[in-house]
Amino acid sequence: MAKEDTPITELEQDDEEDDFDDEDDEQEDEEEEEEEEEEPVLTPESRKRAERARMEETFHRISSETVPLRVHDVLIKGNKKTKESLIESEIEALKTANSVQELLQAAAIANARLQKLDVFDSVNITLDSGPPELPGTCNVIVQVLETKNPITGDIGIFTKPEARSWSFEGSLKLKNLFGYGDLWDGSLSYGWDQTSEVSAGVSLPRFMRLFTPVMARISLLSQDWLKFSSYKERSLGLSLGLLSTKNHDLAYNLSWRTLTDPSQMASESIRRQLGHGLLSHLKYTFKIDRRNSPLRPTRGFAFVAASQVGGIFPDYRSLRFVRQEFDIRYALPLGFARAALNFGIAGGVLFPWGSEFMNKPTTLPDRFFLGGNSSPVCTLGGPTSLLGFKTRGLGPSEPKREVKKSSEDTNSDTCERDFLGGDLATTAFADLSFDLPLKVLRDSNIHAHAFACAGSLTKITENSFRDFSFQKYRDSFRCSAGFGLIVPTKLFRMEVNYCHILRQHEHDQAKTGVQFSFSSPL
Amino acid sequence: MEEPIEGEHQQHLTLVTRKSCFGLPTACPSCLPVYIYLKLANVPFDLCYNLTFPDSDQIPYVDSDTYVAYNNEKGGVIESLKEDNIVNLDSDVQDLPEWVSTIAMINSWLSDAMLYELWVGSDGSSAHKIYYSDLPWPIGKVLYLKQVYTVKQLLGISKDNAERREEEIYRRATIAYKALSTRLGEDSFFSDNRPTSLDAIFLGHALVTLYALPETSVLRGKLLEQPNLVIYADKHKAQLLDVASSSSSDPSSSIPRRGPSNWSSKPKSQPKRERTQEEKFFRRKAKYFLITQMVAVLVFLSLLGGSDDTEADDADGDEGFDYE
């Protein structure tokens with residue numbers, strides 16, 4: 001707002017000279033008359049002093065009472081490419097302001113909104129006096145400076161020590177190509193043995209009469225799950241962000257998804273799922289986050305609920321499912337050593353719909369998978385993490401295909417299993433974080449924590465829910481506990497934990513010991 | 001029928017193929033031979049359909065717990081089943097040069113002709129029904145076009161040589177049918193009156209040609225020129241149908257989704273198909289007839305109504321005139 005302060009001050013000076021003398025304020029008129037009489041005698045210094053006094057008085061007046069003022073005209077300058085209608089729609093509130101206070105507030109909001117469009121290098125809003133024949137009015141001048149270089153690019157190589165993989169990522173952004181505040185971007189990310197994505201998208205700050213930004217994105221995503229579940233997923237899709245506000249988000253996605261198994265080692269359930277599918281789903285997310293920090297929350301709560309309905313349009317043969325997940329977090333300050341108790345519970349359920357839905361399996365990539373070393377405190381958005389368990393390291397599994405290469409190594413591949421994911425997932429955690437008694441660590445925000453987590457992943461489709469009992473559900477829970485050191489940085493949170501597995505099932509992949517984990521709240 | 005030669009895999013087999021249509025348990029030219037092979041071997045098996053992966057070379061496959069015999073490994077499912085000692089009908093003949101060369105001829109010349117017929121030589125309606133009818137529209141369309149392109153590449157067809165290649169493919173198919181016809185004679189099977197994989201492979205090809213390809217198909221016409229082959233195919237089809245329908249109560253053996261009426265032998269089903277075609281034609285004609293009748297009635301009514309009005313107008317006018 002610093003850019004804005006100076007012009008507003010200018011406004012006040014202008015007002016003093018031009019506007020306010022026209023107002024129905026006798027006192028002011030008298031002052032000005034006196035000023036005019038005294039003017040020839042005054043030295044520049046005393047004149048300055050008088051001006052300052054007058055300004056102070058005006059400020060005092062603005063802060064103490066409502067000063068009526070109407071906007072006569074809004075002038076937009078400096079937009080060579082940007083459409084005037086876009087800027088006008090962002091500064092709409094200015095025109096309806098009825099007082100100086102309202103106008104200042106509206107100007108601050110309009111400035112922030114214009115800056116947020118990300119297509120201007122600078123935005124200045126100046127409030128000028130209105131035409132002399134219309135007392136009590138002012139003109140608003142919006143001076144924008146468009147970005148000189150509309151192309152920006154990022155490039156980088158990222159490593160994930162936890163997964164022992166690295167990826168190359170690059171993106172190119174084109175701003176304001178058609179003058180509608182449109183942001184075009186293309187990005188490429190290539191991960192060795194993992195996930196690759198090529199995508200291009202456009203976002204418009206407003207489309208037709210919609211007040212929220214609209215986003216469209218085409219992407220080609222390739223994910224490799226051969227190691228964990230013997231399949232590769234390739235998906236070519238179009239996603240549309242229909243509504244996006246602080247708490248609500250509505251998005252539509254249409255994609256062509258192909259599951260293949262180049263290794264030819266898939267287990268029976270995976271093998272039956274290979275093929276093409278059209279995914280057409282609508283996803284609504286409600287999110288509220290009142291925690292004081294996403295990396296080290298010590299106070300507040302967060303709630304996320306996401307509902308997804310698949311198979312709505314345009315073809316009846318597209319994949320039909322309903323997916324619901326929720327996540328609740330609460331951080332309780334304990335009042336000493338910045339200690340806080342964080343706890344959370346997350347759950348999700350997936351079910352197919354349509355004819356014979358009772359007997360149908362759910363589609364593999366939509367299922368829930370637990371495990372991986374991401375911090376449960378950081379990852380908000382559904383049941384995903386369970387410390388101590390490897391990525392996709394628990395839940396229903398099946399033996400992979402058995403290939404006997406020779407008579408000697410008959411037992412070579414027998415232990416390998418495919419993790420199939422579950423339709424009902426629940427996770428819960430409690431985490432006590434506190435500062436360590438060393439000043440160096442405290443200053444750099446390095447702190448310690450002790451945690452316990454539990455999670456369950458079960459299958460309920462294909463009539464499995466008929467044998468579902470509370471006892472079985474309770475038995476399906478896996479638990480782990482441990483302690484560790486947390487190093488939060490600006491971008492991510494690093495944890496070094498000692499994790500002890502309290503409860504696991506026969507085929508789970510879990511390990512008691514020291515683990516590193518990196519998680520980003522973004 | 002030959003007793004199955006069962007090896008160490010005693011588990012129940014499941015055959016995964018493309019969907020059932022045209023009155024066949026599966027109309028995919030690479031899946032049907034495997035189905036017939038297992039039927040000829042009298043092995044109990046389940047039949048499952050994969051409806052979403054038309055471009056996979058893994059289909060058909062036979063699996064049983066952790067054992068899988070894929071189509072794209074070890075020379076195909078039948079060869080894998082033989083190699084792994086699960087089902088082997090060819091133990092006595094597989095080294096005979098005539099037998100091997102006949103298999104090679106079917107797998108090359110006749111299979112090329114089938115590819116050409118399904119993807120290039122016809123309007124693609126059969127291919128669409130066999131492979132894409134359960135896929136959402138854009139995916140089915142794109143995969144069809146991709147497959148047409150691939151087949152053209154595979155058969156070496158370009159704009160310049162299309163006609164010559166077509167001629168060549170059909171010429172080879174004719175030679176093959178003639179040779180097979182001579183070899184079969186009036187026997188029930190190709191070798192020594194016992195079923196081998198050669199019977200399964202040829203029956204698969206012949207039944208798809210006779211039942212799944214359109215009636216205008218050139219390849220179908222070439223096959224019909226060899227009556228003993230047609231009789232052979234129909235006889236086995238009826239036998240397989242009998243097996244399938246008699247075991248319908250048996251849950252281990254799967255039944256094609258179509259009723260047994262579609263499983264009748266060719267001379268019966270042929271006129272039936274023609275009748276349905278005729279019916280369709282008559283229905284369409286009837287529709288046109290009704291529409292034209294409707295239009296005629298409407299025109300008649302409007303003209304009649306119009307003439308009434310004019311008459312009334314005239315009468316009024318007359319009256320008015322009279323009054324004046």
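Candidates are the residues of the range B:65-83 that are more than 9 Å from every other protein chain (Cβ to nearest Cβ) and acidic (Asp, Glu); the one that is farthest from A:ARG257 (Cα to Cα) is B:GLU83. Whenever a residue of the range A:321-334 is within 20 Å of A:ARG299 (Cα to Cα), its partners that are among the hydroxyl-bearing types (Ser, Thr, Tyr) and modelled with pLDDT under 95, lying with C-beta atoms within less than 8 angstrom and at least six residues away or across chains, give the pairs A:ALA331/A:THR298; A:PRO333/A:THR298. Taking the stated definitions as given, is B:CYS31 touching a helix residue (DSSP H, G or I) at 6+ places or on another chain (Cβ under 7 Å), more than 13 Å from every other protein chain (Cβ to nearest Cβ) and not β-branched (Val, Ile, Thr)? Spelling it out, it is not the case that B:CYS31 is touching a helix residue (DSSP H, G or I) at 6+ places or on another chain (Cβ under 7 Å), more than 13 Å from every other protein chain (Cβ to nearest Cβ) and not β-branched (Val, Ile, Thr). The set of residues from the range A:238-260 being over 20 Å from A:TRP353 (Cα atoms), in contact (Cβ under 8 Å) with a residue 40 or more places away in the chain and crowded, with 17+ Cβ neighbours inside 10 Å comprises just one member, A:LEU259. If you go through the range B:47-94 and keep only what is among the small types (Gly, Ala, Ser) and under 28 Å from B:GLN239 (Cβ atoms), you end up with B:SER64, B:ALA69, B:GLY75, B:GLY76, B:SER80, B:SER91.
The criterion of being surrounded by 12 or more Cβ atoms within 10 Å (Cβ to Cβ), aliphatic (A, V, I, L, M) and within 30 Å of the chain's Cα centre (by Cα) holds for A:ALA108.
For every residue, the table says whether it meets (1) under 27 Å from the mean Cα position of the chain (by Cα); (2) of a type outside the set (Lys, Arg); (3) not in a loop (DSSP other than H, G, I, E, B).
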{"site": "A:GLY354", "(1), (2), (3)": "no, yes, no"}
{"site": "A:GLY395", "(1), (2), (3)": "no, yes, no"}
{"site": "A:GLU398", "(1), (2), (3)": "no, yes, yes"}
{"site": "A:VAL403", "(1), (2), (3)": "no, yes, no"}
{"site": "A:THR427", "(1), (2), (3)": "yes, yes, yes"}
{"site": "A:SER433", "(1), (2), (3)": "yes, yes, yes"}
{"site": "A:ASN445", "(1), (2), (3)": "yes, yes, no"}
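Of B:VAL62, B:VAL142, all but one fail to be within 14 Å of chain A (Cβ to nearest Cβ), buried (at least 22 other Cβ atoms within 10 Å of the Cβ), not aromatic (Phe, Trp, Tyr) and not in a loop (DSSP other than H, G, I, E, B); the exception is B:VAL62.
When the range A:224-240 is filtered for residues that are polar (S, T, N, Q) and farther than 14 Å from A:ARG392 by Cα, the ones remaining, listed by number, are A:SER235, A:SER239. In the range A:264-271 there is no residue matching the filter, namely being under 26 Å from A:GLY381 (Cα atoms) and not charged (D, E, K, R). Evaluate the following for B:LEU135: is it within 14 Å of chain A (Cβ to nearest Cβ), of a type in the set (A, V, I, L, M, F, W, C) and part of a helix (DSSP H, G or I)? No: the conditions fail for B:LEU135. Look at (1) within 9 Å of chain B (Cβ to nearest Cβ); (2) in contact with an Asp or Glu (Cβ under 7 Å, 6 or more places away or on another chain); (3) not polar (S, T, N, Q) and you find that A:ARG257 fails only one, number (1). Mind counting the residues in the range B:15-46 that are free of Cβ contacts under 8 Å to residues at least 60 places away in the same chain, under 18 Å from the mean Cα position of the chain (by Cα) and under 19 Å from B:LYS235 (Cβ atoms)? Residues flagged as free of Cβ contacts under 8 Å to residues at least 60 places away in the same chain, under 18 Å from the mean Cα position of the chain (by Cα) and under 19 Å from B:LYS235 (Cβ atoms) within the range B:15-46 amount to 0. Yes or no: the range B:85-107 includes at least one residue that is within 14 Å of chain A (Cβ to nearest Cβ) and surrounded by fewer than 18 Cβ atoms within 10 Å (Cβ to Cβ). So far as the range B:85-107 goes, yes, one or more of its residues are within 14 Å of chain A (Cβ to nearest Cβ) and surrounded by fewer than 18 Cβ atoms within 10 Å (Cβ to Cβ). Criterion applied to A:SER385, A:SER397, A:SER433 was being buried (at least 18 other Cβ atoms within 10 Å of the Cβ) and farther than 25 Å from A:VAL349 by Cα, and the one residue passing it is A:SER433. Note on the range B:101-122: residues that are over 14 Å from the mean Cα position of the chain (by Cα) and not in a helix (DSSP H, G or I) amount to 1. Condition check for A:SER263 on (1) under 21 Å from A:PHE321 (Cβ atoms); (2) without any contact (Cβ under 8 Å) to a residue 40 or more places away in the chain: one failure, at (1). Could you please find all residues in the range B:49-59 being more than 7 Å from chain A (Cβ to nearest Cβ) and of a type in the set (A, V, I, L, M, F, W, C)? Matches in the range B:49-59: B:LEU51, B:ILE59. Scanning the range A:260-290 for residues that are in a loop (DSSP other than H, G, I, E, B), within 11 Å of another protein chain (Cβ to nearest Cβ) and not hydrophobic (A, V, I, L, M, F, W, C) gives A:ASP261, A:PRO262, A:GLN264, A:SER267. Taking residues in the range A:304-318 that are on the phi > 0 side of the Ramachandran plot and at the interface with chain B (Cβ under 8 Å from one of its Cβ atoms), and partners anywhere that are crowded, with 18+ Cβ neighbours inside 10 Å and of a type in the set (Ser, Thr, Tyr), not one pair has Cβ atoms closer than 6 Å while being at least 6 places apart or on different chains. If you go through the range A:322-352 and keep only what is in a strand (DSSP E or B), over 25 Å from the mean Cα position of the chain (by Cα) and of a type in the set (A, V, I, L, M, F, W, C), you end up with just A:PHE351. In the set A:GLU169, A:GLU146, only one residue is surrounded by 15 or more Cβ atoms within 10 Å (Cβ to Cβ) and closer than 30 Å to A:MET494 by Cβ; that residue is A:GLU169. Just one of (1) surrounded by fewer than 21 Cβ atoms within 10 Å (Cβ to Cβ); (2) touching a residue at least 12 places away in the same chain (Cβ under 8 Å) fails for A:PRO352. It is (1). Summed over the range A:357-382, the residues that are under 18 Å from A:SER456 (Cβ atoms), among the hydroxyl-bearing types (Ser, Thr, Tyr) and surrounded by 22 or more Cβ atoms within 10 Å (Cβ to Cβ) give a count of 1. Here A:SER222, A:SER235 are screened, and the one residue that is within 30 Å of A:GLU416 (Cβ to Cβ), among the hydroxyl-bearing types (Ser, Thr, Tyr) and buried (at least 18 other Cβ atoms within 10 Å of the Cβ) is A:SER235.
Taken together, the residues in the range A:437-459 that are over 29 Å from A:GLN471 (Cα atoms) and out of contact with any Phe, Trp or Tyr (no Cβ under 8 Å at 6 or more places or on another chain) amount to 10.
The values are calculated or read from the model by the stated rules, or taken from the named source; none is laboratory data. For clarity, every value in this text was computed on a predicted model and none was experimentally measured. Glycine gets a Cβ as well: all are built from the backbone with ideal geometry, and neighbour counts include every protein chain shown.
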